[in-house]
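First the structure, in the form of structure tokens, and then the observations on it.
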Amino acid sequence: MHNHEIIIYWNNEDGAFLAEVPELPLCAAHGNTQEAALENINQAVDLWPETAREFGDPIPEPKGERLMLG
């Protein structure tokens, strides 16, 4: 379980559910069901900090509040 907000939505173009973590740049996954997308994004969130460290990117702390998209 992670503390970052996860957004899951259906994407007609890809024909799949997409899951994104807005606080973690380029952290996204997909699945044939919402549950599969959630499972896949949780795996991506687990791996994201390791990749960020490899590239010297900062690792943001969860904001703990709902994000507003503009």
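Quick note: the coordinates plus some simple rules give every number you see, no bench work behind them. Because the structure is predicted, anything quoted here is derived from the model rather than measured. A quick note on method: Cβ atoms are made from the backbone with ideal geometry, for glycine too, and the neighbour counts reach across all protein chains shown.
Relative to the Cα centre, the charge distribution of the chain, modelled as +1 at Lys and Arg Cβ and -1 at Asp and Glu Cβ, gives a dipole magnitude of about 120 debye. Which net charge results for the neighbourhood of E5, defined as the other residues with beta-carbon distances under 14 angstrom from its beta-carbon, given Lys and Arg at +1 and Asp and Glu at -1? That works out to -2.
Pairs of alpha-carbon atoms within less than 8 angstrom and 6+ residues apart define the contacts here; what relative contact order does the chain have, in percent?
Once normalised by length, the contact order is 27 percent.
Neighbours of L47 by Cβ distance under 14 Å: Lys/Arg scored +1, Asp/Glu scored -1, total -4. Per-residue 3J(HN,Hα) values for region 54-60, derived from phi via the Karplus relation 6.51 cos²θ - 1.76 cosθ + 1.60 with θ = phi - 60°, read 4, 9, x, 7, x, 10, x Hz in sequence order (x marks Gly and Pro). All other residues whose Cβ lies under 12 angstrom from that of F17 are scored, Lys and Arg at +1 and Asp and Glu at -1, for a net of -4.
For P(r) over Cα pairs in 10 Å bins from 0, in percent, the value computed from the atomic coordinates appears in the list (1) 21, 49, 28, 3; (2) 19, 40, 26, 12, 3; (3) 22, 58, 19, 1 under label (1).
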